[in-house]
Amino acid sequence: MKSIYKNLVLVSILIFFSVAGYSQELAPYQLSLEQAIEMGMQNHQQLKISQAQLEASRQQVNVSKSDRLPSVSFSANAAYLGDALILNKDWSKVQTESMPHFGNTYSLQASQLLYKGGVIKKSIEMAELQQQLAALDLISNEQDVKFLIMSNYLDIQKILNQIKVLEQNKALAQQLLDNVTKLYGEDMVTRNELIRADLQVKNMEQAILTAKNNHAILSNQMSYALGLPNNILIIPTESLDSTIMVQPLSYYTDMAHGQHPALQVAEKNVEIANKNIDIQKTNWYPALSAFGGYNMQRPITQTTPVVDMYSNSWQVGLSLSYDLDNLYKNKRRVNLSKSQALVTQEALTYTQQNVEIGVNSAYRKFQEAEQQVKIADESKKLANENYDIVKNKYLNQLVITAEMTDASNAKLNVELQYADAVINALFQYYNLLKSAGNL
């Protein structure tokens, strides 16, 4: 029994120094939920990636619009021309004609697509749809990041509530230990009851240590998402209020139909698929282009003897071209695009169903969480009343330590359940807003 008591003393010393180190290493950093969300919107790496993708899609629109401009090319070259060797039919040498040894050419060419079934306009519209899709992805990621930050923020509040409840119950357990120690000194209780009371205090200290370490871990995770130093201890400043005015289920369902990012992405995918069909159909149209060019060449090699002078020429005209294989190949491409469009339409219906299911589930979970708060509050009152009754009986030696420990544990459990229920109600409310696409 003495060895058990020594071990308990050793554990308490280790817990004391661990908790002291925990508080010294990390600097408290008070933070409201609004501040946390604002920092996350500015510093979260996932949003930076989404913003970069949105900017890339904007540039792609500009690239597509540049197809409206004419294509212009310029070339210049200089060369050394060797003498011309004239051979007979039997490959025997006839003579060597001297050539001007320096030659150069300048060329300027321009072309402009005038018509091909509106392919340029449709390509620009496709790029704009892709840009809108990137913007919706950013909105969706912003909601995900907001929900993550809110969840972590509420988790920290839950941990701090747990620590508060544990500290309060530890103080009560310490009072009980002091009373038992006094009674033990008067030989009114057994050594076993003293050890039980001491174990109760040590269990509280261990639970407090675990909760504080969880607080430090969660603060470290949030610091990366918020762009804060990673040696801080985030302290929420929001007051908890589980009383929330909630609208009927139909209100959130209608809200989701109107603005849920997943639905908007699915709808945009349908538009993109239909636009791809239009683009494929342009292959059935001929391409009409205007062209023009200017050439300057030296020497003039089309005459004999060669003339060491510049030859200048220019041309303008229209070009009409058509790939005949599109008459029998393009139909398959169009059918493929139509099949892909059908997939996106079915995916839209599936997404609508999932969103409605998600809203309904989140709404029911929030109603359940509200009821759990009321039940936990009633349980807390009963457990506190029971604790006071058993404590008075224990001090009057009408019950044994085991009953006092049971009453203390019941009080602790229901107080933790109540604190968790309040946090869970807020979490379920935020989850309801997210499921409706309005976080």
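The values are calculated or read from the model by the stated rules, or taken from the named source; none is laboratory data. Because the structure is a prediction, the values reported are computed rather than measured. Neighbour counts are summed over all protein chains in view; Cβ atoms, including those assigned to glycine, are modelled from backbone coordinates with ideal geometry.
Can you pull out every residue in the stretch 25-76 that is closer than 29 Å to ALA225 by Cβ and basic (Lys, Arg)?
Answer for the stretch 25-76, where residues must be closer than 29 Å to ALA225 by Cβ and basic (Lys, Arg): LYS48, ARG58.
When the stretch 343-371 is examined, which residues are found to be more than 24 Å from SER250 (Cβ to Cβ) and without any contact (Cβ under 8 Å) to a residue 60 or more places away in the chain?
Start the filter on the stretch 343-371 by keeping residues that are more than 24 Å from SER250 (Cβ to Cβ), which leaves 343-347.
Residue satisfying the conditions is GLU346 alone.
Among the residues of the stretch 78-93, how many are at pLDDT below 85 and in a strand (DSSP E or B)?
5
Would it be correct to say that ASN203 is out of contact with any helix residue (DSSP H, G or I) (no Cβ under 8 Å at 6 or more places or on another chain) and more than 30 Å from TYR394 (Cβ to Cβ)?
Spelling it out, it is not the case that ASN203 is out of contact with any helix residue (DSSP H, G or I) (no Cβ under 8 Å at 6 or more places or on another chain) and more than 30 Å from TYR394 (Cβ to Cβ).
Identify all residues within the stretch 208-253 that are at pLDDT 90 or above, under 14 Å from ILE159 (Cα atoms) and among the aliphatic types (A, V, I, L, M); write none if there are none.
Answer for the stretch 208-253, where residues must be at pLDDT 90 or above, under 14 Å from ILE159 (Cα atoms) and among the aliphatic types (A, V, I, L, M): ILE208, LEU209, ALA211, ALA216, ILE217, LEU218, LEU233, ILE234, ILE235.
Looking at VAL316, VAL359 in this structure, which one is β-branched (Val, Ile, Thr) and either in a helix (DSSP H, G or I) or surrounded by 12 or more Cβ atoms within 10 Å (Cβ to Cβ) (or both)? Let's see the steps before the verdict.
Numbers: VAL316 fails: either in a helix (DSSP H, G or I) or surrounded by 12 or more Cβ atoms within 10 Å (Cβ to Cβ) (or both).
That would be VAL359, the only listed residue that is β-branched (Val, Ile, Thr) and either in a helix (DSSP H, G or I) or surrounded by 12 or more Cβ atoms within 10 Å (Cβ to Cβ) (or both).
Could you grab me the full set of residues in the stretch 166-176 that are at pLDDT below 85 and of a type outside the set (S, T, N, Q)?
Listed by number, the residues that qualify are LEU172, ALA173, LEU176.
Residue by residue through the stretch 191-235, note down the ones that are exposed (fewer than 14 other Cβ atoms within 10 Å of the Cβ) and part of a loop (DSSP other than H, G, I, E, B).
GLY227, PRO229, ASN230, ASN231
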